[in-house]
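> Got a structure for you, questions after.
Just so it is clear, none of the values below were taken in a lab; they were calculated from the coordinates. Please read these numbers as outputs of a predicted model, since none were measured by experiment. When we count neighbours, we look across all protein chains shown, and the Cβ atoms used for this are built from the backbone with ideal geometry, even at glycine.
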Amino acid sequence: NKNEKLLLLRDAIDTYPDFPKPGIIFRDIFGVFRNIAALRALKDLLIEHILFLEVDLIIALDSRGFLFGPLISLELGKPFLPIRKKGKLPGKVVQRSYELEYGEETFELQTQYIRKKSRVLIVDDLLATGGSMEAAIETVKLTEAEIVECLVIIELTGLKGREKLGVPVHSFIQYD
Ligand code: PRP
Ligand code: ADE
């Protein structure tokens, strides 16, 4: 059942204190990919959740969001687009800079493949300060698409990232 799946998933996420900088408690999603039972549990949880969403387009964040975007895309039968760190995407792009828990970055998104009023699901592995997700939201809004939900596997609730986003957020595993 759902609780067992959540427990399997939580158990598979590895914790590294003081990585990549002192004071950061790093939650490593790749532990899930080394544990097939946990990976299946996550797939089930994701599918169960997304089947209720009405979206036209899946957009995931560079790079760990890419682990989940195409999977969701296949399940929903809707296309996938990447948001990438700057300088990687050809063609016309919109961009937005942001700060994250341990640095600074710029996101880019190709505009030519997004229709105005598209209903978008934004996907990432983890919500920490929310800086990355906020920048992703702002980037998507530059294309005049509508954001249905931000979906993350892990939420670091103590950082209150969700409060700065102003769109619905769903997470499966929470750490304080
Ligand atoms: C990590 C993580 C999220 C973001 C969360 O990505 O995958 O995208 O940080 O932090 P925030 O909520 O404080 O913005 P990172 O920028 O380390 O890049 P990666 O996915 O390429 O490892
Ligand atoms: N991205 C930002 N903060 C993080 C953390 N504490 N663990 C893993 N990824 C992160």
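> Name the residue, out of G65, G77, G69, G23, that is surrounded by fewer than 14 Cβ atoms within 10 Å (Cβ to Cβ) and closer than 21 Å to S132 by Cα.
G23
> Moving on to the next point. Looking at the range 10-32 only, could you name the residues that are closer than 16 Å to V123 by Cβ and away from ligand 2 (no atom under 11 Å from the Cβ)?
If the condition is that a residue be closer than 16 Å to V123 by Cβ and away from ligand 2 (no atom under 11 Å from the Cβ), then V32 is the only one that fits.
> Which ones in the range 47-71 are within 25 Å of K117 (Cα to Cα), part of a helix (DSSP H, G or I) and touching a residue at least 60 places away in the same chain (Cβ under 8 Å)?
Passing the criteria: H49, I50, G65.
> In addition: For the range 82-102, how many residues meet the condition of being assigned to a strand (DSSP E or B) and out of contact with any helix residue (DSSP H, G or I) (no Cβ under 8 Å at 6 or more places or on another chain)?
Of the residues in the range 82-102, 3 are assigned to a strand (DSSP E or B) and out of contact with any helix residue (DSSP H, G or I) (no Cβ under 8 Å at 6 or more places or on another chain).
> Would you confirm, using the coordinates I've provided, whether F107 is within 16 Å of ligand 1 (Cβ to nearest atom), within 18 Å of the chain's Cα centre (by Cα), within 16 Å of I147 (Cβ to Cβ) and crowded, with 19+ Cβ neighbours inside 10 Å?
Answer is yes for this residue.
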